[in-house]
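Engineer: Take this structure first; my questions come after.
The values are calculated or read from the model by the stated rules, or taken from the named source; none is laboratory data. Predicted, not measured: the structure shown is a model, and the values here were computed from it. Positions of Cβ are generated from backbone atoms using ideal geometry, with glycine treated the same way; all protein chains shown enter the neighbour counts.
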Amino acid sequence: MIPGVTVRPLPAHADPRGSLREIWRESQQPMAVRQVLVTQSRAGVLRGMHYHLEQQDICYVTSGRVFMALIDLRGPFEKQEFRVGPDESVLVPPMVAHGYLAETDSTICYLLTDESDGTDEYGFRFDDPQAQIAWPKKDPILSARDQNAGTLAAAKAAVKARSAGAKR
């Protein structure tokens, strides 16, 4: 498990009316939520690999199912790959790259520690050979940004430079 990443079960509390799921509780995932975003992705869409230097994200798949990949850019190569559906959330710390492939039409809710304005948005190619991610679909639907993203090596170098600057 990548340090700082939390995959948290979200049990449904159901009754005859329907159900309720608790997405975030400060005592369990202490972070200041400053923005909430929702994305809808058709089956076959891949978003990533993205990372932030400052921001933390909680990702919650409200409907559908995604294959998620995480790569820790802070130190030695460490990777996690798993499927996420509506019964759990994923806390992604800064400098951990994350991406997902929508295996079905999916809606994802993000709770962010910073307001997104593009200044803390970075990424690398989902199919970078150094990442060794076993995506279940070889020809996903990508944004222009993700098609033209840089390399994992450049991302690791940027995080290393940022970390070295922070230690001064």
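Engineer: Which of the residues belonging to the range 1-26 are surrounded by 12 or more Cβ atoms within 10 Å (Cβ to Cβ) and farther than 14 Å from Leu112 by Cα? Explain how you work it out, then say what you get.
Structural biologist: The first filter runs over the range 1-26 and keeps only residues surrounded by 12 or more Cβ atoms within 10 Å (Cβ to Cβ), leaving 2, 4-8, 10, 21-24.
Of everything in the range 1-26, those that are surrounded by 12 or more Cβ atoms within 10 Å (Cβ to Cβ) and farther than 14 Å from Leu112 by Cα turn out to be Ile2, Gly4, Val5, Thr6, Val7, Arg8, Leu10, Arg21, Glu22.
Engineer: On to the next question. So, of the residues in the range 133-151 that are more than 14 Å from Tyr100 (Cα to Cα) and within 17 Å of the chain's Cα centre (by Cα), which turns out to be surrounded by the most Cβ atoms within 10 Å (Cβ to Cβ)?
Structural biologist: Ala149
Engineer: Select from the range 11-30 the residues that are of a type in the set (Lys, Arg) and modelled with pLDDT of 90 or more and list them in ascending order.
Structural biologist: In the first step, residues of the range 11-30 are kept if they are of a type in the set (Lys, Arg); the result is 17, 21, 25.
Listed by number, the residues that qualify are Arg17, Arg21.
Engineer: Same structure, new question: Which condition number in (1) touching a residue at least 60 places away in the same chain (Cβ under 8 Å); (2) surrounded by fewer than 13 Cβ atoms within 10 Å (Cβ to Cβ); (3) not charged (D, E, K, R) is the one that Gln29 fails?
Structural biologist: (2)
Engineer: Do you know which residues across the range 89-107 are over 13 Å from the mean Cα position of the chain (by Cα) and either of a type in the set (Val, Ile, Thr) or surrounded by fewer than 21 Cβ atoms within 10 Å (Cβ to Cβ) (or both)?
Structural biologist: Of everything in the range 89-107, those that are over 13 Å from the mean Cα position of the chain (by Cα) and either of a type in the set (Val, Ile, Thr) or surrounded by fewer than 21 Cβ atoms within 10 Å (Cβ to Cβ) (or both) turn out to be Glu103, Thr104, Asp105, Thr107.
Engineer: Would you kindly identify the strands (runs of 3 or more DSSP E) lying entirely within the range 38-106 that contain at least 3 residues that are over 27 Å from Ala153 (Cα atoms) and at pLDDT 95 or above?
Structural biologist: 57-63
Engineer: How many residues are under 14 Å from Pro94 (Cβ atoms), of a type outside the set (Asp, Glu) and either buried (at least 17 other Cβ atoms within 10 Å of the Cβ) or in contact (Cβ under 8 Å) with a residue 60 or more places away in the chain (or both) when one looks only at the range 111-121?
Structural biologist: Of the residues in the range 111-121, the ones under 14 Å from Pro94 (Cβ atoms) are 112-114, 116, 119-121.
From the residues that got through so far, the ones that are of a type outside the set (Asp, Glu) too are 112-113, 116, 119.
Next cut, either buried (at least 17 other Cβ atoms within 10 Å of the Cβ) or in contact (Cβ under 8 Å) with a residue 60 or more places away in the chain (or both) only: 112-113, 116.
Count: 3.
Engineer: When you scan the range 32-47, how many residues do you find that are surrounded by 13 or more Cβ atoms within 10 Å (Cβ to Cβ) and charged (D, E, K, R)?
Structural biologist: Counting residues in the range 32-47 that are surrounded by 13 or more Cβ atoms within 10 Å (Cβ to Cβ) and charged (D, E, K, R) gives 1.
Engineer: Please verify whether the range 90-112 includes one or more residues that are over 26 Å from Leu10 (Cβ atoms) and of a type in the set (Asp, Glu). Walk me through how you get there before you give the answer.
Structural biologist: We begin by selecting, within the range 90-112, every residue over 26 Å from Leu10 (Cβ atoms); these are none.
The answer is no, given that none of the residues of the range 90-112 is over 26 Å from Leu10 (Cβ atoms) and of a type in the set (Asp, Glu).
Engineer: Taking Ala32, is it in contact with a Ser or Thr (Cβ under 7 Å, 6 or more places away or on another chain) and either among the small types (Gly, Ala, Ser) or part of a loop (DSSP other than H, G, I, E, B) (or both)?
Structural biologist: yes
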